[in-house]
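The values are calculated or read from the model by the stated rules, or taken from the named source; none is laboratory data. As the structure is a prediction and not an experimental result, all values here were calculated from the model. When we count neighbours, we look across all protein chains shown, and the Cβ atoms used for this are built from the backbone with ideal geometry, even at glycine. Side chains included, ligands, DNA and RNA excluded: accessible areas come from the protein's heavy atoms. Shrake-Rupley method; radii C 1.70, N 1.55, O 1.52, S 1.80 Å.
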Amino acid sequence: MLPVACVTRARAEAPLRRLLTGRRPRLPGSPIAAAVVAVEASVRAQHTHVDVGGRHVEAGDGRSAFSGRPNGEISVDFEQTREAYKSKDSMELLRSLVVLKMCSYDVLVDKNQEIMDFGKKVLGQKAFNQLMKMTFYGQFVAGEDHKAIRPLVQKNLAFGVGSVLDYSVEEDISQGEELHMAMDSSQSSAEKGELHKEYFYADESKCDQHMGTFLKCIQASGGGSMDGFSAIKMTALGRPQFLLHLSEILVKWRRFFNFLASKQGQDGLDDLDKKLDVKQIQEFLSSVGGKEAFFKMLTAHSDKTSGMLDLTAWERLFTDRAQLEEPLVVPNVQLGELEPLLKDFTEEDEGQLKRILHRMDILAKHAVKNGVRLMVDAEQTYMQPAISRLTLEMQKVYNKDKPVIFNTYQCYLKDAFHNVSSDVDLSRREGWHFAAKLVRGAYMHQERERALEFDYEDPINPDYESTNEMYHRCLDFTLDEIALNKNANVMVASHNEDTVKHTLRRMDELGLLPRENKVFFGQLLGMCDQISFPLGQAGFPVYKYVPYGPVNEVMPYLSRRAQENRGFMKGAQKERALIWKELKRRLTSRELLHRPLY
């Protein structure tokens, strides 16, 4: 049974005080006021049916892997293999067994690129591609283009599971660019721009091609189901080196805020609780050449009553920089003086920024026209600040009436909770729908290696336990926000059964109903069908992340997925056991030749 939280009077009153004062819940699992639960409970008690594959099914009628409780609550059973795998034929289940088992071997995961290169030499490209389609590619990828994936998308939808279509071709910093950065970190961005001008212009046509592919993806998502999702990657829409440069600038500006907060004795506070006294800023910066116009600018953006400047107002300065009379400045530690924040931001950089936003705008308009939501994928940490900032700029425009654009937050990062909480705060102030996908994270090995190579602090949480704690902290905070302010939305993108069950419990505590479409669930294609399909049959909005693209171009994506999910793959004995259980059941009941009907 999914229990409704029992709270003391003091704990019940605290969320109401937060609601009145605008304070956000801080602790994982903090329940919203009993009054909120009581109001929703009367609605939930009437919730005795759910939609399953387009059908109305009365809760508890015995036709799916969930049961209705006497008070209308829903309990999802993740152990009923017949319901979990009825969308798969027996050959698909056998392939899942083989592929999931192979992905559990470290040597195959670590050496997958070498193994694939060897396979291409021995078999030839055509035979190798066919082998991949029969095994790894066929397990985790839907097809080569938006037309080839249509049958699978429609089949999943018939069994209650939607799709997040993802053209899984990625761009990263080129090896040449990384080399120049490593050789001379003092080199100006203008000089770097000259070094890579040819690369810069060569990639513009490629970005337009990627945009065209995303437009087809959006079209396919709109035709595949109602309220579909389409995933996009910012690195496919602009030059990765530019995103790296912009990220460095954004990080500098944030660090300057925290530096000033530290000078004012605010170490140890959450960033959202830090507030800068503008007069104290003036006193400190005057000693390093701060201009009067800069202080006037800070005063104009500060709270008029208190004379304080918080993080949201501080970051708004960067957004409004074109309207400012004076350029933004940051301290140069080596020179002991202030210097322009954007001193290396060239006209080419400004042009690149405008082109990325223009492409994003085209995609967003097309998404609205087709009734599709855009999921902006997270990418490497060293480009993520820019990706997140550009996504926020689009959310401000397109999320005013409903959640159209979702940002992705990687909870294996140490600053994940800060990123979530600050963006929630911004959405409340500016009046748009906060929309997030929470993932544990990708690129872990690449991130750690790069931090070691360039000698900076590892941005990743030290272990899985701390990542899991961070995930649940961000999740609980967002669920609380949904209950307090219906303008928030979250996709729980997790293969962890405990996390899914935790979400169901919290939804029940907070009175959040599946049919409200505020809380979504997501898993990768080819993984965790025993979670996805029972959730879909129980009426919860659940989606498979459906990658597609040419075999050669998607294999790097599969390689990364294998590495980032190695812990899950090694611990997927339960999923393999459930698949074996279903195959044995089909054998004994003479259903081995089962074909999905839809």
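Summary table below
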{"item": "Residue list for segment 418-441, restricted to those being open to solvent by less than 10 Å² (accessible area, probe 1.4 Å), of a type outside the set (Gly, Ala, Ser) and either over 24 Å from Ala367 (Cα atoms) or touching a strand residue (DSSP E or B) at 6+ places or on another chain (Cβ under 8 Å) (or both)", "result": "Val420, Val424, Phe434, Leu438"}
{"item": "Test: residue in segment 270-281 that is of a type in the set (S, T, N, Q) and without any contact (Cβ under 8 Å) to a residue 24 or more places away in the chain", "result": "yes"}
{"item": "Subset tally (residues that are in a helix (DSSP H, G or I) and modelled with pLDDT of 85 or more) for segment 322-332", "result": "0"}
{"item": "All positions within segment 339-381 that are touching a Pro at 6+ places or on another chain (Cβ under 6 Å) and outside any loop (DSSP other than H, G, I, E, B)", "result": "Pro340"}
{"item": "Filtered residues of segment 578-593 (kept if part of a helix (DSSP H, G or I), under 39 Å from the mean Cα position of the chain (by Cα) and of a type in the set (A, V, I, L, M, F, W, C))", "result": "Leu578, Ile579, Trp580, Leu583"}
{"item": "Residue in segment 479-490 that is modelled with the lowest pLDDT, counting only those that are surrounded by fewer than 23 Cβ atoms within 10 Å (Cβ to Cβ) and in a helix (DSSP H, G or I)", "result": "Leu484"}
{"item": "Which numbered condition Met444 misses (of (1) open to solvent by 10 Å² or more (accessible area, probe 1.4 Å); (2) at pLDDT 95 or above; (3) of a type in the set (A, V, I, L, M))", "result": "(2)"}
{"item": "Candidates Phe159, Phe140, filtered to the one that is within 26 Å of the chain's Cα centre (by Cα) and more than 30 Å from Thr235 (Cβ to Cβ)", "result": "Phe159"}
{"item": "Segment 513-522, residues that are closer than 14 Å to Asp480 by Cβ and either of a type in the set (Gly, Ala, Ser) or open to solvent by 10 Å² or more (accessible area, probe 1.4 Å) (or both)", "result": "Lys518"}
{"item": "Filter result for Asp227 (within 23 Å of the chain's Cα centre (by Cα), over 26 Å from Thr381 (Cα atoms) and not β-branched (Val, Ile, Thr))", "result": "yes"}
{"item": "Residue list for segment 382-430, restricted to those being more than 18 Å from Glu248 (Cα to Cα) and in a loop (DSSP other than H, G, I, E, B)", "result": "Asn399, Lys400, Asp401, Lys402, Pro403, Val404, Cys411, Tyr412"}
{"item": "Any strands (runs of 3 or more DSSP E) falling wholly within segment 18-134 and containing at least 3 residues that are at pLDDT below 75 and either of a type in the set (Val, Ile, Thr) or open to solvent by 40 Å² or more (accessible area, probe 1.4 Å) (or both)", "result": "49-52, 55-58"}
{"item": "Of residues in segment 395-412 being open to solvent by less than 10 Å² (accessible area, probe 1.4 Å) and of a type in the set (A, V, I, L, M), the one farthest from Ser466 (Cα to Cα)", "result": "Val404"}
{"item": "Checklist (1) at pLDDT 85 or above; (2) within 29 Å of Glu447 (Cα to Cα); (3) surrounded by 15 or more Cβ atoms within 10 Å (Cβ to Cβ) applied to Asp208, failing item", "result": "(3)"}
{"item": "Residues of segment 135-159 classified as touching a helix residue (DSSP H, G or I) at 6+ places or on another chain (Cβ under 9 Å), over 17 Å from Glu553 (Cβ atoms), open to solvent by less than 70 Å² (accessible area, probe 1.4 Å) and of a type outside the set (S, T, N, Q), total", "result": "3"}
{"item": "Members of segment 319-341 found to be of a type in the set (A, V, I, L, M) and either closer than 12 Å to Phe256 by Cα or surrounded by 18 or more Cβ atoms within 10 Å (Cβ to Cβ) (or both), listed by number", "result": "Leu328, Val329, Val330, Val333, Leu338, Leu341"}
{"item": "Verdict on Phe345 being in contact (Cβ under 8 Å) with a residue 40 or more places away in the chain, surrounded by fewer than 18 Cβ atoms within 10 Å (Cβ to Cβ) and either within 31 Å of the chain's Cα centre (by Cα) or farther than 20 Å from His418 by Cβ (or both)", "result": "no"}
{"item": "Boolean, Ser247 is of a type in the set (Ser, Thr, Tyr) and closer than 23 Å to Arg355 by Cβ", "result": "yes"}
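Rundown of residues vs (1) small (Gly, Ala, Ser); (2) assigned to a strand (DSSP E or B); (3) modelled with pLDDT of 90 or more; (4) open to solvent by less than 30 Å² (accessible area, probe 1.4 Å), yes/no style:
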position	(1), (2), (3), (4)
Met470	no, no, yes, yes
Val492	no, yes, yes, yes
Thr499	no, no, yes, yes
Arg505	no, no, yes, no
Lys544	no, yes, yes, yes
Asn552	no, no, no, no
Met555	no, no, no, yes
Ser559	yes, no, no, yes
